[in-house]
Amino acid sequence: MKQKALWLNQIKGLCICLVVIYHSVLTFYPQLNLFQHPWSQTLSKCWVYFNLYLAPFRMPVFFFISVYLIRRYIDEVPWKESIDKRIWSIVYVLALWGVLQWTGLSQLNAWLALTILCSLAISFSPLRQNSASPPPRADPCVGLG
């Protein structure tokens, strides 16, 4: 790889790391104040302000460098090879992920729906009002997982 493209890719990697840090701060900011250290609140606020300061730089720099590098790639590589290398590999991964996610979520939804129906069947079953104690009944959820 050319030296110029190497350092540009390293800056892109740094921008990706900054986005990950930003999202981790958003997720874990409420927990940063729970430490018993005297500086924990100050450090957590500094961490948030640092991330807010970097907000105008993270994504614009990443996209600027990506457009610059893709322009050189388009000039050097024919379209057919570019489509074969870039587009079809992305389409393949997205299709595979979509099938796996759809299968997993449909199984999870079926299991959750069955669990909810069983709990509703148990909680809303009618009781006999003529006798002092209801007769024993079979559990509708036995053997369902």
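Here, each number is a calculation from the coordinates, and none is a lab measurement. Not measured: the values here are computed from a predicted model. Please note: Cβ atoms are built from the backbone with ideal geometry, for glycine as well, and neighbour counts cover all protein chains shown.
A cut-off under 14 angstrom between Cβ atoms defines the neighbours of Val20, and their net charge, with Lys, Arg +1 and Asp, Glu -1, is +2. Projected label points at Gln36 and Ala95, each 7 Å from Cα along the beta carbon direction, are separated by 5.8 nanometres.
Using Stokes-Einstein with the Kirkwood hydrodynamic radius over Cα pairs, what translational diffusion coefficient do you get for the range 1-76 at 37 °C and a viscosity of 0.692 mPa s, in µm²/s rounded to a whole number? Answer, rounded: 229 µm²/s. Averaging 1/r across all pairs of distinct Cα atoms in the range 79-123 and inverting the result yields a Kirkwood radius of 13.1 Å. Estimated at 0.36 nm per residue, the fully extended path between Ile11 and Ser24 surpasses their Cα-Cα distance by 2.7 nm. Within the shell defined by Cβ-Cβ distances under 13 Å, the residues around Phe64 carry a net charge of +3, with Lys and Arg each +1 and Asp and Glu each -1.
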